[in-house]
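Shown next, in structure tokens, is the structure this report addresses.
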Number of protein chains: 2
Amino acid sequence: MVTTFSTVHKSVPRVDGERKVTGAAKYTADLQLPGLLHARLVLSTYPHARITSIVRDAAEQVPGVVGVYTAGDVEMNGRDNGSRNRRPLAKDIVRFDGHWVAVVVAETEAAAQDAADLVEVEYEELPVVADMDLAMQHDSPRVILEDTSSGDDEAFAHASVGGGAEAVENLPPNVTNAKRYRRGNIEAGFAEADVVIERTYRTSWVHQLHLEPQSSTAAPDGAGNLTVWTSTQGAFSVRNSVATSTGLPQHRVNVISMEVGGAFGAKYALIDPLVGALAWQLQRPVTLVYSRGDEMRSANPAPAFEVQVSTGAKKDGTLTSLKARIVADNGAYSAESAGLAGVLLGGSYRWPNLEITAYDVMSHKTGSSAYRAPGAPQAAFAIEGQMAEMARALDLDPLEFRIKNTVETGDPLPDGEPLPLIGGRQVLEKLAEHPLWTNRSNKPGEGVGISYAWWPGAMQPANSSCRLDDDGSITVLVGSTDISGSNTSMAQIAAEAFGVPMSMVNIRTVDTNAAPFAGPSGGSKTIYTTGAAVASAARDARRQALEIAAQELEVAPEDLEVVDGTVSVKGVPGRTLSMRDIASKSIGWGGSYEPVLGRGGSSISTAAPGFTIHLARVSVDEETGKVDVLDYLAIQDVGCAINPAEVEGQIHGGVTQGLGIALYEAIPYGEDGRLVGSSLMDYALPTTGNVPVIQTLLVEVPSADGPFGAKGVGEPPIIPGAGAIANAILDATGVRPVSIPMTPPRVLEALKQR
Amino acid sequence: MVTTFSTVHKSVPRVDGERKVTGAAKYTADLQLPGLLHARLVLSTYPHARITSIVRDAAEQVPGVVGVYTAGDVEMNGRDNGSRNRRPLAKDIVRFDGHWVAVVVAETEAAAQDAADLVEVEYEELPVVADMDLAMQHDSPRVILEDTSSGDDEAFAHASVGGGAEAVENLPPNVTNAKRYRRGNIEAGFAEADVVIERTYRTSWVHQLHLEPQSSTAAPDGAGNLTVWTSTQGAFSVRNSVATSTGLPQHRVNVISMEVGGAFGAKYALIDPLVGALAWQLQRPVTLVYSRGDEMRSANPAPAFEVQVSTGAKKDGTLTSLKARIVADNGAYSAESAGLAGVLLGGSYRWPNLEITAYDVMSHKTGSSAYRAPGAPQAAFAIEGQMAEMARALDLDPLEFRIKNTVETGDPLPDGEPLPLIGGRQVLEKLAEHPLWTNRSNKPGEGVGISYAWWPGAMQPANSSCRLDDDGSITVLVGSTDISGSNTSMAQIAAEAFGVPMSMVNIRTVDTNAAPFAGPSGGSKTIYTTGAAVASAARDARRQALEIAAQELEVAPEDLEVVDGTVSVKGVPGRTLSMRDIASKSIGWGGSYEPVLGRGGSSISTAAPGFTIHLARVSVDEETGKVDVLDYLAIQDVGCAINPAEVEGQIHGGVTQGLGIALYEAIPYGEDGRLVGSSLMDYALPTTGNVPVIQTLLVEVPSADGPFGAKGVGEPPIIPGAGAIANAILDATGVRPVSIPMTPPRVLEALKQR
């Protein structure tokens, strides 16, 4: 970066740091309200069954129990079996192991749990669609029998990719959506290839594994309003969902974003509609805090994918053709996961010919949702496997092969949309110079893999406001939830744009009653869009403050500068006015200026995709199949690192999750669709014991629209991990795994294919 | 009014009506917080004494007591004996009957009260300054011995009147402030007068008698922030006071305005600084709710006044001279009450010559504060007595006498400032046509009195914001507390300015963390200034919405109109866009416009004084001295009645309080400065049994700056009552009382003077 900044582009401490390390931060489950009722759920133990009876007598006898409620008992507006928000409790039929059958509400959580355990549910088993092959068959059992409307919309809008897809006809009943992207002539492309690689990749259901489980509390105020305190990524999304579930007008629902202990795509409004409806129906405050078991059985984890890919290239490394068939198993609720994966799969390299068909299918598993860069790790695992295998087959340098074929600004994506300004080549070239690449070893049993990936980013209009307070500080309001330290960056942006030190910025996420509008924190768009609105609000406030100062100092606003919160006349030492002075002239009784209240907005129409390349050096124990990660490097174009430490923190977190997806994580669905476990005993995670030191390198190709050139940074770092590890295994062993997680048994199995 | 309005100028129901009549409205005392501690005060029983010992052992033994704290125990920042905010607890010396000696904090209110009763305080009595005569003597005991800074500033800024006063030299020690206004040559004026009337008027300490007592709750959040829920007129004022008392930066204090059950000038920050300091020191939530006894002994009622006035007039009714000496007894804390009363006294008629000297004195009584039009009922009681007696002596029609002499737009006030546009003559001329005046009877024992009065109004810059929500409603934020139904008028103003029905307006007073700045609700400036900011914000939002609509409908914004929340192309039926459509295009994922967020501000520099005349018809029982009010009429210039029913409600309330001041109310201080009672058994109030039907007539001379021409309406109606009743007694009996309240014994005493 050539610009000199005062506050941005610096690793300042997080504004929420102190309260988090001291334990003072308040999470939803910490909230105590007088008369608070606790809800606990009764979950289905069958993947597909008819409920033949629910006996609640014993449960209702538990002291403190207020009631046991089933789908018919909870007054929810706009009921729709296909919508988890509108009919969260199973009606007659359970569709997955973990489906909510009933909810118990009691004076204490213990009473509610005791009673939930006493609810006796009898089932008549029904045929189960447990895998993608069955889901794709025309005569498979239907996952939803009833007609439904399309279901939840917002939770799946995570990236801005365009239309440009063809419809696919004659779909099997459990295929809810299909898209086909085409370019050129794939047969001709394959015909001119010197190598064609064809593989089928499989990925598992993985959980976002936020430390804090789903938590929501709702309380009516007795005057027709409902307040919801919740752990969410999007307060306005929750407002809409709860207004829908209760039938209240939106302005009667106020949503307060509590601290969020991790979300990663999982926290849009999974439990709030039910909690809100219960509180409204009972006219008492109700809370529901998921257990870890609830999380594993009945949350909204990331769907499993199957990706069949054929790719061809010429000897000189020119790509010729890409054909892919992507199937996403979204579980028991309709969702759109596969199409985006298709754009991602075909969007990182220049394929003169391509045909990608993407199918979303339903099965008798829990509903799925986003997980940090949804569909992207799965797509990258597949396409980067192809690139690695083609390079190997053609004896090309894998990095040069990628540099030769990387997309550039203006290239069309599979959906036909042109890529805006990107820094893809720059991250690749950065790797070419890095010692972990230039000095890569060839020790036996070790290998180095690289994986290139991208995330399109998202856009949504946003507002912010910036008030000058009478102590000379500024108060910046946003409607976005801080799930990743974003408010620290927002404060830096405001400080820089207004011209005060960070210590004079009060950044606040406020409730939906008062907040300037912002969409959910997701899609790597928080800083890119709401941050732009913050910059705009701070600049507007600065302009107002300078106008006051100009009148008071009798100069033109252009002759003024702001340094550390003091306005001075350029070139006239001592001719100054502090922000506190300006505030007092615009706030006090008889003040002669309007108080400073900046209004900012953004409606960015050009995305700022983030490109990244990861390198992993691994050792593979050929006896046990165990893979150890020895070195790890992530190079990412972040536009402008508003707070480099935070950006690096995002990369460290994303890489760690990527390693989890690569090596350890899978929700343990049995072949019959039943869970074989629902605790962290059954779900392996990366830990400090097996995550290496993660090196990061930030590349900064400034975006045109983001604040100070910033781009979204949250999602790219989770994407390349599985591909990099798998390619390192290929380098070490000659075999490239095609299924994740690459657990020791799977690696051993793969090695047998040699 | 000639303009046609859709929403303003209509008597719509109050937005807070339903929650108030159903009991759902939450007042501060309704707030339940986990672990809430209750504070109760130990009050001095002497008006002036040295504390020789405080024995707390017994109190500390009461189960549930957390602690007993005296001035030395509470860590308050910036301690200052002269400031009630900075040293609310007596240090060594008590200065009034009711002075806070200690505060007990306990787990329950009952335990706190029991313990407070067990705190043993011993005193050594000191000489008492109990009346104004003693306070004005150079050798009287000093009410404050220690040097102090000037004390509380904001609570006394209730009207915008200018400087223009002379300093007065050589003041006695208990005179904290003196001002002299001069014009012309008063001796020459008296010399040319055909009649000179000289009287001394006396008024009593009166309590604002809000139904809801002073109440405040403060809670630390464990992360360095303090939240205050309080019954206040000014949330930002409380924020400042609590930041001062705790030493916290302002941005660490968040103040939430709860419902206010009456305030009338009493609720700026009387108890919040102590409650905040206790909560901060104990790091636990603390609440203090005054009892009625606390209110009578230890609140901040209106000061007593003594007004000596001489006025002269010629036979033809031309005024010649005014000389006045005003003394305000502000009690044990310094305050500025008298100067404003001086401007009010001399500001309603054209006095070619005047000299008004105003003294603020201290005494050993509780501290005083504002009470609805502070100083104005007292000033009007005096000057309207002069006008009545001069008219009677000169045998002039009292109304014509006033019409002849009323000030007009542009006339100088006693402080030299010119009067802005006023509607004084208009209200007088309206009375001239009214049957209660034209048909006034002359039955024995009955009389009709009139009293003319004015209130200058106040100004303070303010902001507001206006957000278009995705259901097409608008959310309007203000920082002003709704103490009088003002938010209903705000909603009407926003609806009118934006172009939607009232039902689509969500008006919200938000906490100081999020609120657009607004000063306290006082000085009759809320609608005039914050209302103007609301209109500005709604117009800005409308402009933004129309710009979106213009792009969508492919026309110029000028070609659009808004009717009932729908934008249409003028003259093109069916070419429409609802506000909901506009919202969806500016809020949704991928939306292409900035969300609509209007920013409004006002910094009005011209006041809009409110003039009013009241007429009372009374009967006087010459046997008992009892005065009954038979008819009552209030005519007031309100600029534009945003909500006529609310304006009339304000007038009804103000008149009733004026009748209380006239006939019943006096805090029962004995001659020794001790209270002879501290309950409503000892403080008479007007009730439905003795308040007549109040007729109102609204005159509308639109202001230039107020929203839709509105002026402040809250304060004028309390002003003329005492003068009107006294003048009616004069009409009935020939004697004009000079002391209020005009209780039967006082009226009998006055009649003896005949």
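Some notes on this structure:
- Selection within segment A:71-130 - touching a helix residue (DSSP H, G or I) at 6+ places or on another chain (Cβ under 6 Å), under 23 Å from A:Glu60 (Cβ atoms) and of a type in the set (Gly, Ala, Ser): A:Ala106, A:Ala115
Residue-by-condition table, conditions (1) at the interface with chain A (Cβ under 9 Å from one of its Cβ atoms); (2) without any contact (Cβ under 8 Å) to a residue 24 or more places away in the chain; (3) polar (S, T, N, Q):
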{"position": "B:Leu468", "(1), (2), (3)": "yes, no, no"}
{"position": "B:Val476", "(1), (2), (3)": "no, no, no"}
{"position": "B:Ala518", "(1), (2), (3)": "yes, no, no"}
{"position": "B:Thr529", "(1), (2), (3)": "no, no, yes"}
{"position": "B:Ala532", "(1), (2), (3)": "no, no, no"}
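- Just one of the listed residues (B:Asn513, B:Asn487) is outside any loop (DSSP other than H, G, I, E, B) and either open to solvent by 10 Å² or more (accessible area, probe 1.4 Å) or away from chain A (no Cβ under 14 Å) (or both), namely B:Asn487.
- Any hit, segment A:363-371, residues being basic (Lys, Arg), in contact with a helix residue (DSSP H, G or I) (Cβ under 8 Å, 6 or more places away or on another chain) and open to solvent by 10 Å² or more (accessible area, probe 1.4 Å): no
- Checking A:Leu685, A:Leu698 one by one, the residue that is open to solvent by 10 Å² or more (accessible area, probe 1.4 Å) and assigned to a strand (DSSP E or B) is A:Leu698 and no other.
- Test result for A:Glu671, open to solvent by 20 Å² or more (accessible area, probe 1.4 Å), away from every other protein chain (no Cβ under 14 Å), over 23 Å from A:Ala724 (Cβ atoms) and of a type outside the set (S, T, N, Q): yes
- Flag for B:Arg575 being surrounded by fewer than 23 Cβ atoms within 10 Å (Cβ to Cβ) and away from chain A (no Cβ under 13 Å): yes
- Tally, over segment B:534-556, of residues that are touching an Asp or Glu at 6+ places or on another chain (Cβ under 9 Å), within 13 Å of chain A (Cβ to nearest Cβ) and farther than 20 Å from A:Leu597 by Cβ: 1
- Restricting segment B:215-225 to residues that are surrounded by fewer than 24 Cβ atoms within 10 Å (Cβ to Cβ) and not charged (D, E, K, R), the residue that is nearest to A:Arg19 (Cα to Cα): B:Ala223
- Segment B:386-402 - residue that is without any contact (Cβ under 8 Å) to a residue 60 or more places away in the chain and open to solvent by 30 Å² or more (accessible area, probe 1.4 Å) and, of those, nearest to the chain's Cα centre (by Cα): B:Asp397
- A search for C-beta distances below 6 Å between a residue of segment B:731-754 that is in a helix (DSSP H, G or I) and any residue that is open to solvent by 40 Å² or more (accessible area, probe 1.4 Å), counting only pairs 6+ apart in sequence or on different chains, returns B:Pro744/B:Thr624; B:Pro744/B:Lys626.
- Inclusion of A:Ala39 among residues that are closer than 30 Å to A:Arg674 by Cα, open to solvent by 50 Å² or more (accessible area, probe 1.4 Å) and within 28 Å of the chain's Cα centre (by Cα) is not warranted.
- Scanning segment A:455-466 for residues that are open to solvent by less than 10 Å² (accessible area, probe 1.4 Å) and not small (Gly, Ala, Ser) gives A:Trp455, A:Pro456, A:Gln460, A:Pro461, A:Asn463, A:Cys466.
- Residue count for segment A:1-28, restricted to those that are over 23 Å from A:Val500 (Cβ atoms) and either within 14 Å of chain B (Cβ to nearest Cβ) or open to solvent by less than 40 Å² (accessible area, probe 1.4 Å) (or both): 9
- Boolean, A:Ser586 is open to solvent by 10 Å² or more (accessible area, probe 1.4 Å), farther than 30 Å from A:Phe236 by Cβ, within 14 Å of another protein chain (Cβ to nearest Cβ) and modelled with pLDDT under 95: no
- Restricted to helices (runs of 4 or more DSSP H) entirely inside segment B:196-298, those with at least 3 residues that are more than 22 Å from the chain's Cα centre (by Cα) and of a type in the set (A, V, I, L, M, F, W, C) are B:272-282.
- Among the residues of segment A:569-589, the ones that are of a type outside the set (S, T, N, Q) and closer than 17 Å to A:Leu468 by Cα come to 10 in all.
- Qualifying residue in segment A:590-607 (condition: within 18 Å of A:Val699 (Cα to Cα), touching a Pro at 6+ places or on another chain (Cβ under 6 Å), away from chain B (no Cβ under 13 Å) and buried (at least 24 other Cβ atoms within 10 Å of the Cβ)): no
- Pairs, first more than 14 Å from B:Arg372 (Cα to Cα) and touching a residue at least 40 places away in the same chain (Cβ under 8 Å) in segment B:642-663, second of a type in the set (Asp, Glu) and open to solvent by 10 Å² or more (accessible area, probe 1.4 Å), C-beta under 9 Å, six or more apart: B:Ile642/B:Glu496
- Check on B:Ser464, facing another protein chain (nearest Cβ under 9 Å), over 29 Å from B:Leu428 (Cβ atoms) and not in a helix (DSSP H, G or I): yes
Rundown of residues vs (1) open to solvent by less than 50 Å² (accessible area, probe 1.4 Å); (2) away from chain A (no Cβ under 14 Å); (3) of a type in the set (S, T, N, Q), yes/no style:
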position: B:Pro172; (1), (2), (3): yes, yes, no
position: B:Ile197; (1), (2), (3): yes, yes, no
position: B:Thr203; (1), (2), (3): yes, yes, yes
position: B:Gln208; (1), (2), (3): yes, yes, yes
position: B:Ser241; (1), (2), (3): yes, no, yes
position: B:Gly247; (1), (2), (3): yes, no, no
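- Single condition A:Phe708 does not satisfy, out of (1) touching a Cys at 6+ places or on another chain (Cβ under 8 Å); (2) assigned to a loop (DSSP other than H, G, I, E, B); (3) not hydroxyl-bearing (Ser, Thr, Tyr): (2)
- Among (1) within 14 Å of chain B (Cβ to nearest Cβ); (2) open to solvent by 10 Å² or more (accessible area, probe 1.4 Å); (3) of a type in the set (Gly, Ala, Ser), the one test that A:Gly261 misses: (1)
- Which numbered condition A:Gly472 misses (of (1) outside any strand (DSSP E or B); (2) open to solvent by 10 Å² or more (accessible area, probe 1.4 Å); (3) over 24 Å from A:Glu700 (Cα atoms); (4) within 14 Å of chain B (Cβ to nearest Cβ)): (2)
- In the set (1) in a helix (DSSP H, G or I); (2) away from chain B (no Cβ under 14 Å), the condition left unmet by A:Ser53 is number (1).
Every residue, every condition in (1) modelled with pLDDT of 95 or more; (2) open to solvent by less than 10 Å² (accessible area, probe 1.4 Å); (3) within 19 Å of B:Arg297 (Cα to Cα), yes or no:
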| position | (1), (2), (3) |
| --- | --- |
| B:Gly82 | no, yes, yes |
| B:Leu89 | no, yes, yes |
| B:His99 | yes, yes, yes |
| B:Ala112 | yes, yes, yes |
| B:Val121 | yes, no, yes |
| B:Glu146 | no, no, no |
| B:Ser150 | no, no, no |
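- Yes/no for B:Ala545 being touching a residue at least 60 places away in the same chain (Cβ under 8 Å) and surrounded by 18 or more Cβ atoms within 10 Å (Cβ to Cβ): yes
The values are calculated or read from the model by the stated rules, or taken from the named source; none is laboratory data. Small disclaimer: the values here were computed from a predicted structure and weren't measured. Cβ: placed from backbone, ideal geometry, glycine included. Neighbour counts: every protein chain shown. Protein only, heavy atoms only, side chains kept; ligands, DNA and RNA dropped before computing areas. Shrake-Rupley method; radii C 1.70, N 1.55, O 1.52, S 1.80 Å.
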